[in-house]
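Encoded as structure tokens, the structure appears first; notes follow it.
The values are calculated or read from the model by the stated rules, or taken from the named source; none is laboratory data. Keep in mind the model is a prediction, meaning the values are calculated, not measured. Neighbour counts are summed over all protein chains in view; Cβ atoms, including those assigned to glycine, are modelled from backbone coordinates with ideal geometry.
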Amino acid sequence: MLLFRVFYSFNTADTAPDAQSLYDAEFEDRNGIPDLEPSLYEVHQGAVVQTFAEHAAAAPMDPPRKKSGIDVRSTEERYYPEETGAVFHHIRTAHRVLRFSDAAALRAFVGRLHELKESGVAKCVRVEKKDIREYVKLHANDGEWSLFLASASEEWRKYAGV
């Protein structure tokens, strides 16, 4: 099983030279406010593409080009199930959160995560656009996807081939 955080930027895992850069890029919002309950997904390796596709659709975000994240299980941080209101059953039930009391506790976690990433223990998870798009096209007529696509943007509908 993976317990992974979806990164905002595909290149964060490769370009964050230190824990502070990782924290700034992936654990604060655009206003510099720390995310004290960062979202995660607990899934099998085989469900990573589905998770990235459904995460982007539910966010709502534009159709993903490519996505990445990091498996945080090696930090041994306690996490909590938290169902979302997403239309997709898979991400609703796979959604987890970490809970931190303050920014200092979150920074300590990100420091451990960065060290584990640098040592190769915390693995990065990467998926290419073609894999995500193929998944969406394959499932465009399935119940949840057809419901989503019925009211989705033209960009999503084109991405899905409908």
Can we say Ala160 is at pLDDT 95 or above, small (Gly, Ala, Ser) and under 23 Å from Phe7 (Cα atoms)? yes
Restricting attention to region 74-93, the residues that are small (Gly, Ala, Ser) and in contact with a Leu (Cβ under 9 Å, 6 or more places away or on another chain) number exactly 1
Find all pairs meeting these conditions: Cβ atoms under 7 angstrom apart; at least six residues apart or on different chains; first residue within region 39-58 and over 11 Å from Leu3 (Cα atoms); second residue surrounded by 23 or more Cβ atoms within 10 Å (Cβ to Cβ) and charged (D, E, K, R). Phe52/Lys67
Restricted to region 3-37 and to residues being loosely packed, with under 15 Cβ neighbours inside 10 Å and among the polar types (S, T, N, Q), the residue farthest from Val110 (Cα to Cα) is Asn31
Somewhere in region 10-33, is a residue of a type outside the set (Gly, Ala, Ser), closer than 26 Å to Lys130 by Cα and touching a Lys or Arg at 6+ places or on another chain (Cβ under 6 Å)? yes
Exception for Thr93 within (1) surrounded by 13 or more Cβ atoms within 10 Å (Cβ to Cβ); (2) more than 11 Å from the chain's Cα centre (by Cα); (3) under 30 Å from Ala150 (Cα atoms); (4) touching a residue at least 24 places away in the same chain (Cβ under 8 Å) falls at (4)
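For (1) surrounded by 12 or more Cβ atoms within 10 Å (Cβ to Cβ); (2) out of contact with any helix residue (DSSP H, G or I) (no Cβ under 8 Å at 6 or more places or on another chain); (3) under 21 Å from Ser153 (Cβ atoms); (4) of a type in the set (A, V, I, L, M), each residue gets a yes or a no:
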{"position": "Ser39", "(1), (2), (3), (4)": "yes, yes, no, no"}
{"position": "Ala57", "(1), (2), (3), (4)": "yes, no, yes, yes"}
{"position": "Pro64", "(1), (2), (3), (4)": "yes, no, yes, no"}
{"position": "Ser74", "(1), (2), (3), (4)": "yes, no, no, no"}
{"position": "Glu77", "(1), (2), (3), (4)": "yes, no, no, no"}
Of the conditions (1) crowded, with 19+ Cβ neighbours inside 10 Å; (2) over 26 Å from Leu36 (Cβ atoms); (3) of a type outside the set (Val, Ile, Thr), Gly120 fails just one. Which one is it? (1)
Out of the residues in region 22-38 that are of a type in the set (Asp, Glu) and touching a Phe, Trp or Tyr at 6+ places or on another chain (Cβ under 7 Å), state the one that is nearest to Arg5 (Cα to Cα). Glu26
The condition from (1) within 14 Å of the chain's Cα centre (by Cα); (2) more than 22 Å from Tyr159 (Cα to Cα); (3) of a type outside the set (Asp, Glu) that Tyr8 misses is numbered (2)
